[in-house]
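Chemist: Shown below is the structure under consideration.
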Amino acid sequence: QHNFTTPDGRGRSYVKYKPLGIATASNYPLVVELHGLGACASDLYSYSGWTLVADQNNFILVTPQGVEKSWNAGRCCGQARAAKLNVDDVSFLRMVAADVLAAEPGVDPTRVYFAGHSTGCMMAQRMALEASDLVAAVGCHAGMLMVPPSSPAVDSITMPSGYKPVPVMEIQGQQDSVVSYDYATVLRIPYWPGAP
């Protein structure tokens, strides 16, 4: 586990998995996998299968930890999006990527990918929008970036100048009762899909 303090004084962490085969490789990718609401970074190693995929495909896997097991991913969900906490997860995830790139000179900085489940998927898509200079592509499931037409400050997601389109693959199940396939509700709260 890697720990550091963000500029807002908050202690944050991430877990890094480096396959043995990478020792002799160069220009390999970095995949940042974001947990869903209520989960944690270390859980992903026990149930997701990501370490096997990293072993087979020679990439470094990083799983950051969200504040209160959540992400400030726009309109949804959990404590990290509360205005009183003022969590800047975009800056935090940029710091995580920079930390790994500095420690692992073999990582190709043009091959930084984000993935996630549920609110982790939402946060990965937010990264594609607000950090398109960093993110090569996003692949995620059971979540989508949500931005209401008239956002209060806590929901604020901005498209920065210099934004460039980022490929996004999103998988959504038709039987999902939490994040509905038809984009009608999330946790019974109406929302608007907002990924460009």
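Chemist: Looking only at the stretch 1-51, how many residues end up being open to solvent by less than 80 Å² (accessible area, probe 1.4 Å), without any contact (Cβ under 8 Å) to a residue 12 or more places away in the chain and not in a strand (DSSP E or B)?
Modeler: Total meeting the criteria: 3.
Chemist: Residues to consider are ALA73, ALA54, ALA97; find the one that is over 15 Å from the mean Cα position of the chain (by Cα), within 18 Å of GLY139 (Cα to Cα) and buried (at least 20 other Cβ atoms within 10 Å of the Cβ).
Modeler: ALA54
Chemist: Return the total of residues in the stretch 100-131 being part of a helix (DSSP H, G or I) and surrounded by fewer than 16 Cβ atoms within 10 Å (Cβ to Cβ).
Modeler: Qualifying residue count for the region: 2.
Chemist: While we're looking at this one, here's another question. Show the residue pairs that are 6+ apart or on different chains and have beta-carbon atoms under 6 Å apart, the first residue being within the stretch 147-166 and modelled with pLDDT of 75 or more, the second being assigned to a loop (DSSP other than H, G, I, E, B) and surrounded by 10 or more Cβ atoms within 10 Å (Cβ to Cβ).
Modeler: TYR163/SER132; LYS164/SER132; VAL166/SER132; VAL166/VAL135
Chemist: Yes or no: ARG10 closer than 18 Å to VAL138 by Cα and among the basic types (Lys, Arg)?
Modeler: no
The values are calculated or read from the model by the stated rules, or taken from the named source; none is laboratory data. None of the values given here were measured: they were computed from a predicted structure. When we count neighbours, we look across all protein chains shown, and the Cβ atoms used for this are built from the backbone with ideal geometry, even at glycine. Just the protein is used for accessible areas: all its heavy atoms, side chains included, with ligands, DNA and RNA removed. Shrake-Rupley method; radii C 1.70, N 1.55, O 1.52, S 1.80 Å.
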